[in-house]
Amino acid sequence: NVIVVAAAGDYSGEDLLFPASMPDVIAVASENKDGILCDFSSYSENKGVSIPGEGVQTLSIDEDGKSIIKSSSGTSVSCAIMAGVIALGLQVHPNASVDLVTDCLNRADHGKIIDVHEFLITIMEQE
């Protein structure tokens, strides 16, 4: 059982990038700190979820090879966060299907803000 999570794309429209556009793939769009879809984010009204992806503090390497913290934005940033959230859910329900995971994410989505604690409780109750 594999859950595939993919960045929706950074082309500000309703056309999801491959593989986010494929069936059984969880498409991840980017929202800002206020829970509003980012201007750059691709999205779909009928598919996927959104999670913060604008101005996220990430680790990087500068031109001298030193570790630095920088601000990053994009659906790939959102996708990495969402993959971590889903991985936590799969720890409590390892056999969860993509439909169950998506349903639990949607139930924990309160106006574009996914309550991770509620997601984990919801998926745990399905075990």
- Query: Within the chain, what percent of beta bridges assigned by DSSP are antiparallel, to the nearest 5?
  - Reply: 50
- Both in Å, the radius of gyration and Dmax of the C-alpha trace of the chain are 14.8, 49
- the chain - accessible surface per residue (Å², probe 1.4 Å): 57
- In terms of the ratio Rg/(2.2 N^0.38 Å) built on C-alpha atoms, what value belongs to region 21-77? 1.35
- What's the percent breakdown of Cα-Cα distances in region 58-127 across 10 Å bins, shortest bin first? 19, 41, 22, 14, 4
- What list of ³J(HN,Hα) couplings, whole Hz, do you get for region 15-24 from phi and the Karplus terms 6.51, -1.76, 1.60, once you set θ to phi - 60° and write x for glycine and proline? 9, 6, 6, 6, x, 4, 7, 7, x, 6
- Of the accessible area of the chain, computed with a 1.4 Å probe and all protein chains kept, carbon and sulfur make up a percent value of 53
- Message: Quick one: 3J(HN,Hα) in Hz for region 88-103, Karplus 6.51/-1.76/1.60 with θ = phi - 60°, rounded, Gly and Pro as x.
- Response: 4, x, 6, 5, 8, 9, x, 9, 5, 7, 4, 5, 5, 4, 4, 4
- Message: I need to check one value: relative contact order of region 16-85, counting alpha carbon pairs closer than 8 Å and at least 6 residues apart, in percent.
- Response: 29
- Message: Over the chain, what is the relative contact order in percent, taking alpha-carbon pairs closer than 8 angstrom and at least six residues apart?
- Response: 23
- Once all protein chains are kept in place, His110 shows an accessible area at probe 1.4 Å, nearest 10 Å², of 100
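The values are calculated or read from the model by the stated rules, or taken from the named source; none is laboratory data. Every value quoted in this text rests on a predicted model; they were computed, and no experiment measured them. For accessibility, only protein heavy atoms count, side chains too; no ligands or nucleic acids. Shrake-Rupley method; radii C 1.70, N 1.55, O 1.52, S 1.80 Å.
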